[in-house]
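Asker: Please see the structure below; I have some questions.
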Amino acid sequence: MTDTTTLTGQDIGRAHYATRAVLEAALAQTGTSFLSWLALNAVATADTVATEAQVVHRLVDGLKIDAAPARETIDELVAAELLRRSPGAGSDVELMLTGTGEARVAAVQSVSGALTERLYAGLATDDLAVAQRILATVTARANEELAR
């Protein structure tokens, strides 16, 4: 009888929480919370200008949280002058990085980039591609379950 190791949700969870803890420690060096980083990153990496509704949706969908903490985080980032809102009202209000916000994003990208290099060092590109496909499939299936 052979002992076959099978990937489980526990394995995925342990990897997620371990890497998130390391990321949060790195984020603390820049004065940025995890949720704030995700909001800043959503604005920084948007294909076009990000609307507030799009950023809230990305946080809600990605983290499976209520919209209230996402909106509060955006308000905090605006108050801290890391983001600014375009004039206007409603869900079409655009969010833009301020100069300070751009500097914060650059600082976090530098810290997280070095962290990513250390965590993924020596892993084969093909293995990473397979892991990405598997995790994308599991995520899609879990989202389908949640939608039911």
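Any read-out appearing in this document is the output of simple, stated calculations on the displayed coordinates, not a laboratory observation. Fair warning: this is a prediction, and the values are worked out from it, not measured in the lab. All Cβ positions, glycine included, derive from the backbone under ideal geometry; neighbour counts span all protein chains shown.
Asker: Among Val78, Leu115, Gly101, whose Cα lies farthest out toward the positive end of the dipole of the stretch 21-147, if unit charges sit on the beta carbon of Lys, Arg (+1) and Asp, Glu (-1)?
Answerer: Going by the charge dipole, the pick is Leu115.
Asker: What does the extension gain come out to for Val93 and Leu7, with contour length at 0.36 nm per residue minus their alpha carbon separation?
Answerer: Net length gain for the segment: 26.7 nm.
Asker: Which distance in nm do the two modelled labels at Ala21 and Gln109 give, with both placed 7 Å along the Cα-to-Cβ direction?
Answerer: Distance between the two pseudo-spin positions: 3.0 nm.
Asker: Whole number please: convex hull volume per residue, Cα atoms of the stretch 21-147, in Å³.
Answerer: 128 Å³
Asker: To test your reading of the geometry: what angle, between 0 and 90 degrees and rounded to tens, separates the Cα axis of helix 52-63 from the longest principal axis of the chain?
Answerer: 20 degrees
Asker: Here's a follow-up. Tell me, what ³J(HN,Hα) does each residue in the stretch 119-127 have, in order and in whole Hz, if you take phi through Karplus 6.51 cos²θ - 1.76 cosθ + 1.60 with θ = phi - 60° and put x for Gly and Pro?
Answerer: Running phi through 6.51 cos²θ - 1.76 cosθ + 1.60 with θ = phi - 60° gives 5, 9, 4, x, 7, 5, 4, 5, 5 Hz.
Asker: Quick one: what does P(r) look like for the stretch 1-75 with 5 Å bins over all Cα pairs, in whole %?
Answerer: Bin by bin from 0 Å, the calculated values are 3, 14, 19, 18, 18, 11, 6, 4, 3, 2, 1, 0.
Asker: What dipole magnitude, in Debye to the nearest 20, does the chain give about its Cα centre under +1 on Lys/Arg Cβ and -1 on Asp/Glu Cβ?
Answerer: About 120 debye.
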